[in-house]
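Chemist: Encoded as structure tokens, here's the structure I'll be asking about.
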Amino acid sequence: MDLSKQETNQKKASKTMAKKETQEFQFVVYNTMTQQKEVFKPKTPGKVRMYVCGVTAYDFSHLGHARAAVSFDVLYRYLKHLGYEVTYVRNFTDVDDKIIRRANETGEDPISLSDQYCKEYNIDMSDLQCLSPTHEPRVSDHMEQIKDMITQIINKDFGYVVDGDVFFAVDKFPNYGKLSGQKLENNRAGERVAVDSRKRNPSDFALWKAAKPGEPSWDSPWGPGRPGWHIECSAMSAHYLSFKFDIHGGGLDLIFPHHENEIAQSCAACEESDVSYWMHNGHVTNNNEKMSKSLGNFFTIRQITERYHPLALRYFLINAHYRSPLNYSVVQLEGASDAVFYIYQTLKDFQDALLQLQEEMPNDGKPARITPDAKECISRLRNEFQVKMSDDLSTSLILTGAFLEALKLVNNLLTMLKKKQQKQQRLLVIQSLKEIENEVTKVLDVLGLQPPCSYNKVLLQLKEKALTRAGLVEDDVIRLINERAEVRRNKDFLKSDQMRAHLQAKGIALMDVGTETIWRPCVPVQQDSEIVPSEGQKVPPKPETA
């Protein structure tokens with residue numbers, strides 16, 4: 001090898017090494033305990049153990065529940081994408097005051113009622129494309145573990161028994177409040193029941209509640225009864241993940257008192273108890289007030305998905321950072337629906353083109369050659385995805401920038417294929433399309449936005465939802481398209497534009513393609529206009545937008 005070639009190769013190697021160094025990244029997450037971002041390092045290399053507090057199952061789940069589930073589903077997917085073996089536990093609370101109260105109102109068995117809503121929750125999660133956790137434990141199935149932990153707490157003098165009730169003595173735990181920064185006296189405001197005068201300290205909380213008439217109960221060393229709210233998660237996380245695990249997650253409202261009490265219980269039962277990272281998602285708000293069942297200002301997931309595709313709802317939920325508040329907004333839901341339609345239409349157009357070009361595809365096993373623009377596009381998308389996701393799951397920043405540029409390039413390359421080209425150039429375009437589409441679908445898969453069915457089917461579903469919101473059926477749109485065609489033949493273009501604008505105000509866009517007119521969903525131009533629902537359809541009221 002001559003000197004000039006050697007120097008050239010050294011320069012290339014140096015550039016390659018520098019490029020690799022700039023692309024190196026570390027996954028950092030915000031730890032509520034330390035109130036700062038930290039590099040994620042699991043306790044066991046290559047394996048992650050994660051516990052997320054689930055729902056109290058006594059009714060259909062609302063948008064706040066959807067946000068928590070989707071936020072931690074994205075985390076779960078990304079950890080798997082990074083190559084970790086993840087054990088993901090998310091519980092169901094099926095023994096609780098609220099469940100008992102609802103069961104008494106309806107005359108049902110509390111456990112059966114809760115079981116029904118656990119199943120309904122899982123249907124909603126499937127619609128939102130949340131992966132099933134490794135384990136989904138229920139309180140009613142883990143009474144022995146709960147009683148064993150309470151026994152350990154009592155034996156170590158952190159708990160005491162009063163008339164069949166068992167309370168945790170917060171005075172005995174000097175680090176109480178280290179997660180939330182709350183003082184002991186504030187615990188009273190967070191309790192689910194009135195203060196009990198039998199407590200040694202008003203801040204003490206129930207580990208076990210003595211049986212009352214008409215309530216489900218289980219035998220225990222302290223008499224028949226049922227668990228307090230907080231002990232279930234301590235017992236079940238320890239059972240499935242041990243007292244030491246990597247991530248504990250939940251909604252922001254669980255920091256105090258629930259997670260604070262979990263820490264106290266777990267450390268009381270086992271001094272070595274340790275969770276590395278506490279992660280919390282922000283609230284969903286309605287008119288900037290937290291959305292919750294207790295406030296009566298919530299929409300169920302079903303109410304939303306009756307009118308918007310579940311994938312549009314998922315897009316809406318991840319189009320804000322998981323820790324930030326997210327205000328419910330019809331405008332943003334419409335925008336999310338429009339965005340996913342554009343994504344899937346672009347990918348469908350690519351697949352349709354590929355089907356027509358199968359005979360032109362090489363089958364020689366050689367590495368694909370792509371255009372410089374495509375190479376740069378893929379590099380930017382890959383790098384931006386890694387950088388943003390590794391920075392505490394900044395999903396909202398991924399769905400713009402390089403991702404949209406990639407879709408734009410796909411559309412540009414599809415347009416090029418319609419023109420006459422030399423065979424080699426044409427092959428270069430086809431290979432470029434395949435490689436870009438492959439990278440785009442990887443991003444969609446980690447975000448949980450890759451549809452479970454064909455692009456064509458999900459596009460039809462999105463159109464059906466748009467018609468529902470517009471109070472129309474497709475025959476109505478076809479009739480209006482035909483009427484408009486007649487108006488255009490009569491050269492009454494003012495009326496033609498008025499007819500187009502009328503549909504656009506309802507979220508239906510007409511596009512004239514040659515001599516044909518087609519339609520697709522769009523963001524309604526007049527958001528303040530009322531959308532008339534189909535007869536008998538339940539529609540959530542529209543709050544003020546953000």
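Coordinate-derived values only; no laboratory data. Treat the numbers as computed from the prediction; the structure is a model and nothing was measured. Neighbour counts are summed over all protein chains in view; Cβ atoms, including those assigned to glycine, are modelled from backbone coordinates with ideal geometry.
Chemist: Can you give me the distance in nm between label points at Arg302 and Val523, each placed 7 Å from the Cα along the Cα-to-Cβ direction?
Modeler: Each label point lies 7 Å from its Cα, and together they span 3.1 nm.
Chemist: Let's see if you can work this out: charge +1 on each Lys and Arg Cβ, -1 on each Asp and Glu Cβ, no other charges. What is the dipole magnitude of the chain about its Cα centre, in debye to the nearest 20?
Modeler: My answer is approximately 1900 debye.
Chemist: So, one more: Summing Lys, Arg as +1 and Asp, Glu as -1, what charge do residues with Cβ under 13 Å from the Cβ of His321 carry, His321 excluded? Walk me through the numbers on the way to the answer.
Modeler: Values: positive: Lys37, Arg67, Arg323, Lys388; negative: Asp391, Asp392.
In short, +2.
Chemist: Here is a follow-up. Can you tell me the length gained on complete extension of the stretch Glu516 to Lys212, counting 0.36 nm per residue apart and subtracting the Cα distance?
Modeler: Additional length available on full extension: 102.4 nm.
Chemist: Please go through the range 84-153 and write out the chymotrypsin sites (Phe, Trp or Tyr not before Pro) that DSSP classes as loop and that have at most 13 other C-beta atoms within 10 Å.
Modeler: Counting only loop positions with at most 13 other Cβ atoms within 10 Å, none of the chymotrypsin sites (Phe, Trp or Tyr not before Pro) in the range 84-153 qualifies.
Chemist: Is the C-alpha gyration tensor of the range 124-188 telling us rounded, prolate or oblate? Criteria: a/c under 1.5 is rounded; beyond that, a/b larger than b/c is prolate, otherwise oblate.
Modeler: Oblate shape, in that a/c is at least 1.5 and b/c is the bigger or equal ratio.
Chemist: Near the amide H of Asp204, under 5 Å away, which other amide H atoms are found, from residues 5 or more places off or on another chain, if H is placed in the peptide plane?
Modeler: Result for Asp204 returns Val170.
Chemist: While we're looking at this one, here's another question. What whole number of Å gives the distance from the Cα centroid of the range 268-305 to the Cα centroid of the range 419-464?
Modeler: 35 Å
Chemist: Next up: Roughly what angle does helix 423-447 make with the longest principal axis of the chain, taking Cα atoms, 0 to 90 degrees, to the nearest 10?
Modeler: For helix 423-447, the angle is close to 20 degrees.
Chemist: So, one more: For the range 211-307, what does the alpha-carbon gyration tensor say about shape, rounded, prolate or oblate, given a ≥ b ≥ c as the root eigenvalues, a/c under 1.5 as rounded, and a/b over b/c as prolate?
Modeler: Cα axes put the range 211-307 in the oblate bin.
Chemist: So what is the calculated 222 nm ellipticity per residue for the chain, using -39500 (n - 2.57) for each DSSP H run with n of 4 or more, over all residues, to the nearest 500 deg cm²/dmol?
Modeler: Dividing the helical sum by the residues of the chain leaves -15000 deg cm²/dmol.
Chemist: Given axes a ≥ b ≥ c from the Cα gyration tensor, I'd like to know whether the range 236-276 is rounded (a/c under 1.5), prolate (a/b larger than b/c) or oblate.
Modeler: Note, shape of the range 236-276 comes out oblate.
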